[in-house]
Amino acid sequence: MERTPGTDTHADGLPPVRQGARPREAHPDTGAQGRVLAELVHVRTDRLMRPDADPDELPRRIRELQRELTRFLMTYQFGIDELLTKVNILREEFEQTHDHSPIEHVRSRLKSMDSLVQKVLRTGCEPTLPAIRERIRDVAGVRVTTSFVSDAYWVVRMLSRQPDVEVVEVRDYIAHPKPNGYRSLHVIVRIPVFLSDRTEHVYVELQVRTIAMDFWASTEHQLYYKYDREVPPHLLGELEDAARVAADLDRRMGRLRDELRDLSTP
């Protein structure tokens, strides 16, 4: 179920949590990927390949697909640019006017076409661009790394207060970690992108996590990649234990910062 602004909110000002981990899926076959790409331009592959087909039709359809996909992905890149601008303004403001900035690092990524097609197949999404635009909301992603847990929530609150940022969904994996220990704030926002002839509203997934959370998630990702998602049980146990250590480190560092603040207060 999707959460939209205007519903009940937590005490920290964020929309309600959507809990639960997504199961890891096997990679779909390349034939299925080809069928999805064919459907994206509403063309049946067998019709293009039959003996009496127009020989110019297939190249024309391929060029049409390339242009359509380029425009499609371009708007998501612009959505990333818009959100990055907002994050960097907050970062520079605090660097200039405060003792420290809550934002340590900022990264972004745009899903590759291969990853996008795989997700269409996994989720059973209708293979058309309008359906993909509405149902798959992590095509564009921005990741913000903070020093402290409280800073992660601060970043989300500051961005959600901006009038042109619509918070669509929040998954709070800090308060409710995934079973394997993964922790992060996942927020789907909707950002206006102003083009020459129209305004597009683009979904961007914002992930906010501490340095400890990011280090753990990066290690977990490398292990799953190296072992092709079949990580040995003893390493999974190590990962779960490391997640507990990282969470304890975040709590300790938060308490130390609070004590330093109390000492500096006149």
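Considering only residues that are under 13 Å from Phe78 (Cβ atoms) and surrounded by fewer than 21 Cβ atoms within 10 Å (Cβ to Cβ), which ones fall in region 191-213?
The first filter runs over region 191-213 and keeps only residues under 13 Å from Phe78 (Cβ atoms), leaving 191-196, 198-204.
Hits for region 191-213 are Pro192, Val193, Phe194, Leu195, Ser196, Arg198, Thr199, Glu200, His201.
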Original post:
Out of (1) at pLDDT 95 or above; (2) surrounded by 18 or more Cβ atoms within 10 Å (Cβ to Cβ); (3) under 21 Å from Arg109 (Cβ atoms), the odd one out for Glu220 is which?
Top reply: (1)
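Would you please name the residue that is farthest from Thr146 (Cα to Cα), looking only at residues in region 70-97 that are free of Cβ contacts under 8 Å to residues at least 60 places away in the same chain and aliphatic (A, V, I, L, M)? Reasoning before the result, please.
Residues of region 70-97 that are free of Cβ contacts under 8 Å to residues at least 60 places away in the same chain, as a first pass: 70-71, 74, 81, 84-85, 88-89, 91-97.
Okay, now just the ones that are also aliphatic (A, V, I, L, M), so 74, 84, 89.
Working: Met74: 28, Leu84: 15, Ile89: 15 Å.
Looking at the filtered set, the residue picked out is Met74.
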**OP:** Identify the single condition in (1) among the basic types (Lys, Arg); (2) open to solvent by less than 70 Å² (accessible area, probe 1.4 Å); (3) in contact with a Lys or Arg (Cβ under 8 Å, 6 or more places away or on another chain) that Arg91 does not satisfy, given that it satisfies every other one.
**Re:** (3)
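What tally of residues in region 134-163 results from selecting those that are farther than 28 Å from His105 by Cα and either touching a His at 6+ places or on another chain (Cβ under 8 Å) or in contact (Cβ under 8 Å) with a residue 12 or more places away in the chain (or both)? Steps first, please.
Residues of region 134-163 that are farther than 28 Å from His105 by Cα, as a first pass: 134-135.
From the residues that got through so far, the ones that are either touching a His at 6+ places or on another chain (Cβ under 8 Å) or in contact (Cβ under 8 Å) with a residue 12 or more places away in the chain (or both) too are 135.
Selection size over region 134-163: 1.
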Original post:
How many of the residues making up region 115-157 are touching a Lys or Arg at 6+ places or on another chain (Cβ under 9 Å) and within 30 Å of Arg261 (Cβ to Cβ)?
Top reply: 10
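Name the one entry in Ala212, Ala243, Ala247 that is of a type in the set (A, V, I, L, M, F, W, C), at negative phi and touching a Gly at 6+ places or on another chain (Cβ under 6 Å).
Working: Ala212 fails: touching a Gly at 6+ places or on another chain (Cβ under 6 Å); Ala247 fails: touching a Gly at 6+ places or on another chain (Cβ under 6 Å).
Of the residues listed, the single one that is of a type in the set (A, V, I, L, M, F, W, C), at negative phi and touching a Gly at 6+ places or on another chain (Cβ under 6 Å) is Ala243.
The values are calculated or read from the model by the stated rules, or taken from the named source; none is laboratory data. Just so we're clear, the structure is a prediction, and the values are computed from it rather than from any experiment. Cβ atoms come from the backbone with ideal geometry, glycine included; neighbour counts cover every protein chain shown. Side chains are part of the model used for accessible areas, which takes the heavy atoms of the whole protein and leaves out ligands, DNA and RNA. Shrake-Rupley method; radii C 1.70, N 1.55, O 1.52, S 1.80 Å.
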